[in-house]
1. Sum up the charges of everything whose Cβ sits under 14 Å from the Cβ of ALA344, counting Lys and Arg as +1 and Asp and Glu as -1, but leave ALA344 out.
2. Looking at segment 310-400, I'd like the Rg to Rh ratio, where Rg is from alpha-carbon atoms and Rh is Kirkwood's inverse mean 1/r.
3. Among ALA314, ALA120, ALA344, determine the one that fluctuates most according to a GNM of the chain built with springs between C-alpha atoms less than 10 Å apart.
4. When the scattering of the chain is computed by the Debye formula from its Cα atoms alone, each counted once and equally, what is log10 I(q)/I(0) at q = 0.08 Å⁻¹?
5. With a/c under 1.5 counting as rounded, go ahead and sort segment 203-282 into rounded, prolate or oblate using the C-alpha gyration tensor (a ≥ b ≥ c being the square roots of the eigenvalues; past the cut-off, prolate if a/b is larger than b/c, else oblate).
6. So how far apart, in nm, are the two label points at ILE319 and ALA177 if each is 7 Å from Cα heading toward Cβ?
7. Kyte-Doolittle mean at least 1.0 and Cα extent at least 24 Å along the axis: which DSSP H helices of the chain qualify?
8. In segment 103-182, which trypsin sites (Lys or Arg not before Pro) are in a loop and have at most 14 other Cβ atoms within 10 Å, using DSSP for the loop call?
Amino acid sequence: MIRIFDIALKDLLQLRRDFKTFMFLIIMPIVFTFLFGFAFGAFSHTASDPRLPVGYLDQDGSRISGDLRGILDASDVIRLDENSTRSPADLDKLVADDKLAAAIIVPNGYGKAMLEDKTARLIVIASTGTAAWTTVQAELLALVSRLDGAVRTATLLDQIDSQRMPFAYGLKQSLAAWDDPPIKVVELTSPSVEQSSGDGGVLSHFGPGMMLQFAIAGLLTAAQVIVSERKSRTFQRLLTTATHRVQIVLGHYLAILIMILAQFLLLMIFGQFVLRINYLRLPNATLLVAVCAAVCIAALGLLIGILARSEEQAAVFSIIFMFVFAGLGGAWVPLEVTGATFQAIGHITPIAWAMDGFENITARGLGFHSILLPAAALVGYAVLFFALAMWRLSTSEEKQ
């Protein structure tokens, strides 16, 4: 055991001489997290309106059309985009250019026709067949039916007792009744998810993603230490002593693991207190995912160091693994926005499992059990990489 620690300490002392590279691996994830955060609006504090924009042109100017406008304007689904200078042709062009989900024109005589219980038609401009139009159509039918029912109710009450229930009063009360319907759907959000919403929602993805990506980039330096030792025949000389092959490998592995854990610790502290990524929501779960990810990436670094025959090969292998694993594993773009096929391919890489573990804690608000499968997958990859490294070493010329 002492020999393992001695070899690890020797590697760490070598890595300390390249302290600028280590700081580079701390600073670059922070820089790229900020860049991706700005690109995806994590630092924008302007409130966005998720409702679909719908053009509105009132050619009737009646009280009924005014009530219709009020109902549409209060919708949680559509947002009225009004401009009195627009013509029907202008609205048609805006819809065709996908700048509006649809456009509603209230024709002259609409209010009169509704009051006389005649067919009252709205003119709607839309690109039928689209998901946006389906949503707008359903909402428009519901709201127009609400107005039609209120007008019919007010008309009936006026006919029964115009003194006590005049039309204007009946219409007002009928419309007001919809403010507190007998059945209401209320959407609630888990407190843990609310805490990770806003800025943290975006950064909760890119923070861990960049941390994992540049942990693989850091293998370049660690792998070069192993390559340099083999080229200088230090590895072979160690084998002539009482030090076993496994002890040498474990010593190198421990050095890489300590370096990655130090990188993770610094970046998670920065992410927690500066970027407000909620790593501390479940400290034990975060620690388990971080350790498993570090164990996996360290095993990958060991494999690269044993596979490479030169410092240049170690650099190439590290860069290839970094870009392939980060790209497919969802470090750049969340796998949730891709198709099922790409998600399945992405989970061939350990980065995807590490991202699942971190995001289950910081972004999805899930419990400790949600990180057990990602942690197990990362340990499985670590065993695979370590076994491949030992197999490769046993078949190389150092065995002689």
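1. My count for the surroundings of ALA344 gives -2.
2. With Rh from the inverse mean 1/r over Cα pairs, Rg/Rh is 1.08.
3. ALA120
4. -0.62
5. Prolate shape, in that a/c is at least 1.5 and a/b is the bigger ratio.
6. 7.3 nm
7. 19-39, 245-273, 283-307, 311-328, 372-395
8. Counting only loop positions with at most 14 other Cβ atoms within 10 Å, the trypsin sites (Lys or Arg not before Pro) in segment 103-182 are LYS118, ARG121, ARG164.
Read-outs: derived from the displayed coordinates by stated rules, not from any lab. This one's a predicted model, so the numbers in the text were calculated from it and none came from an experiment. We place every Cβ from the backbone using ideal geometry, glycine too, and count neighbours over all the protein chains shown.
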